[in-house]
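**Student:** The structure follows.
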Amino acid sequence: MNIKNCLCCHGKSTVIGKKNGYFLAKCQQCGFITTHPLPTEQDIKSFYSKKYFVKQENSNNQFGYQNVFSQSYRESNINISRIRLGIIATILHRKGAILDLGCAAGTFLDVAKEQGWDTSGVEINPEMRDIAAKVCVNKISASIEDVAGVYEVITMWEYLEHVRKPAEILQKAGKLLTSGGLLCISFPNIENRSSIQNQIGWEHVKPPEHLHYWNAHNIELLLEKSGFQIVGFRYFGLKMQLEGVRQLGTRKNPKTIFWPLMSIFFRLTKHLYSTKIRKKFPSWVRKIYEGMEVYAILKIGCFVLKKAFPDRII
């Protein structure tokens with residue numbers, strides 16, 4: 001089987017297993033994992049139909065969202081958007097144009113608009129695109145290829161792991177960002193699973209929805225190659241909490257009679273669900289969170305805007 005060299009470090013990648021009919025290849029040097037072969041662009045467009053965003057009742061489909069229009073999802077997304085916009089504000093200290101790739105129904109853009117940002121988005125699904133356009137006054141494109149203008153911020157919340165060629169997306173984003181512009185990315189943190197068996201078995205390793213899997217080291221390599229320098233990481237989704245939910249369930253989805261124990265544990269450890277933003281984290285912290293956010297500044301020649309963050313981890 002012909003596997004291309006790693007797109008993060010150009011190291012040699014080898015097949016480590018198979019899932020959902022796709023092979024998974026891991027770089028022996030930096031640990032980056034990718035899907036082989038990648039689905040075609042047409043397959044990807046077909047995959048992100050309306051049922052990806054709104055599942056049928058009692059659906060066991062592992063892919064996509066339960067319902068992006070539900071009140072609980074919207075409230076959660078609004079809260080997360082406010083946190084992320086707050087971090088952006090501490091780094092840039094200015095507002096302007098912001099572009100959200102993979103904007104879905106536009107909740108993040110709606111919150112950004114309320115805070116004074118000039119909002120635009122990219123969304124592959126035509127129905128979601130039409131809904132988001134009502135928020136952004138018709139500034140929603142089907143592809144980054146169709147985007148014009150200059151932006152202070154480009155966000156890719158749970159987006160980069162879905163695209164066929166992430167390196168090309170990052171290069172295009174760099175061309176759209178103003179000098180010293182900020183790139184914000186989030187994706188599943190593969191570092192929270194240590195063995196290959198656990199990595200393949202993890203519920204967020206699910207081709208053809210998620211095609212690529214990074215850790216803090218190899219995403220930094222890829223961003224450096226693309227002209228960015230990381231100014232901070234933030235981790236979210238405490239592994240102990242999420243594993244408890246999977247095993248015991250919650251009030252809304254009780255899996256055993258012990259679900260109330262999970263509810264109590266969640267409340268007691270709520271303050272640990274995510275970290276503050278920080279330039280680097282020790283290994284033990286990187287291994288206990290299932291999600292990662294990365295904030296990176298576009299380089300300006302030899303000068304890079306740098307921001308000092310508190311040393312406190314949690």
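The values are calculated or read from the model by the stated rules, or taken from the named source; none is laboratory data. On a predicted model such as this, the values are computed, not experimentally measured, just so you know. For neighbour counting, all protein chains shown are included, and Cβ atoms are generated from backbone atoms with ideal geometry for every residue, glycine included.
**Student:** Against the condition more than 21 Å from Ser186 (Cα to Cα) and surrounded by 15 or more Cβ atoms within 10 Å (Cβ to Cβ), how does Ile124 come out, does it pass?
**Tutor:** Taking the combined requirement at face value, the residue does not satisfy it.
**Student:** Sticking with this structure for a sec: Please work out which residue is surrounded by the most Cβ atoms within 10 Å (Cβ to Cβ), limiting yourself to region 1-23 and to residues that are assigned to a loop (DSSP other than H, G, I, E, B) and charged (D, E, K, R).
**Tutor:** If we take residues in region 1-23 being assigned to a loop (DSSP other than H, G, I, E, B) and charged (D, E, K, R), then Lys12 is surrounded by the most Cβ atoms within 10 Å (Cβ to Cβ).
**Student:** Scan region 27-83 for residues that are free of Cβ contacts under 8 Å to residues at least 24 places away in the same chain, closer than 20 Å to Glu127 by Cα and acidic (Asp, Glu) and jot them down.
**Tutor:** Within region 27-83, Glu57 is the sole residue that qualifies.
**Student:** Could you figure out which of (1) touching a residue at least 12 places away in the same chain (Cβ under 8 Å); (2) closer than 18 Å to Asn20 by Cβ isn't true of Thr155?
**Tutor:** (2)
**Student:** I need the full set of residues from region 171-190 which are buried (at least 20 other Cβ atoms within 10 Å of the Cβ), part of a helix (DSSP H, G or I) and in contact with a Gly (Cβ under 8 Å, 6 or more places away or on another chain), in order please.
**Tutor:** Scanning region 171-190 gives a single hit, Ile190.
**Student:** So which of Cys103, Cys136 ends up being of a type outside the set (S, T, N, Q), crowded, with 16+ Cβ neighbours inside 10 Å and more than 16 Å from the chain's Cα centre (by Cα)?
**Tutor:** After ruling out the rest, the residue left standing is Cys136.
**Student:** Is it fair to say Glu168 is modelled with pLDDT of 95 or more, under 15 Å from the mean Cα position of the chain (by Cα) and in a helix (DSSP H, G or I)?
**Tutor:** In short, no.
**Student:** List the number of the failed condition for Ala89; all other conditions in (1) of a type in the set (Gly, Ala, Ser); (2) modelled with pLDDT of 90 or more; (3) touching a helix residue (DSSP H, G or I) at 6+ places or on another chain (Cβ under 8 Å) hold.
**Tutor:** With (1) of a type in the set (Gly, Ala, Ser); (2) modelled with pLDDT of 90 or more; (3) touching a helix residue (DSSP H, G or I) at 6+ places or on another chain (Cβ under 8 Å) applied to Ala89, the lone miss is (3).
**Student:** Inside region 229-257, can you point out the residues that are of a type outside the set (D, E, K, R) and closer than 30 Å to Gln171 by Cα?
**Tutor:** Result: Gln229, Ile230, Val231, Gly232, Phe233, Tyr235, Phe236, Gly237.
**Student:** Moving on. For region 24-33, what are the residues that are touching a Ser or Thr at 6+ places or on another chain (Cβ under 7 Å) and surrounded by 16 or more Cβ atoms within 10 Å (Cβ to Cβ)?
**Tutor:** Leu24, Ala25, Lys26, Cys27 - these are the residues of region 24-33 that are touching a Ser or Thr at 6+ places or on another chain (Cβ under 7 Å) and surrounded by 16 or more Cβ atoms within 10 Å (Cβ to Cβ).
So that you can scan it fast, the table gives a plain yes or no per residue for (1) closer than 27 Å to Pro37 by Cβ; (2) among the aromatic types (Phe, Trp, Tyr); (3) touching a helix residue (DSSP H, G or I) at 6+ places or on another chain (Cβ under 9 Å):
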| residue | (1), (2), (3) |
| --- | --- |
| Val111 | no, no, yes |
| Gly116 | no, no, no |
| Ser120 | no, no, yes |
| Asp130 | no, no, no |
| Lys134 | no, no, no |
| Val153 | no, no, yes |
| Trp157 | yes, yes, yes |
| Val163 | yes, no, yes |
| Ser179 | no, no, no |
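**Student:** Which one is surrounded by the most Cβ atoms within 10 Å (Cβ to Cβ), of the residues in region 158-170 that are touching a residue at least 12 places away in the same chain (Cβ under 8 Å) and among the acidic types (Asp, Glu)?
**Tutor:** Filtering region 158-170 for residues that are touching a residue at least 12 places away in the same chain (Cβ under 8 Å) and among the acidic types (Asp, Glu), the one surrounded by the most Cβ atoms within 10 Å (Cβ to Cβ) comes out as Glu161.
**Student:** Identify the residue in region 92-145 that is of a type in the set (D, E, K, R) and without any contact (Cβ under 8 Å) to a residue 24 or more places away in the chain and, among all such residues, is nearest to Lys165 (Cα to Cα).
**Tutor:** If we take residues in region 92-145 being of a type in the set (D, E, K, R) and without any contact (Cβ under 8 Å) to a residue 24 or more places away in the chain, then Glu123 is nearest to Lys165 (Cα to Cα).
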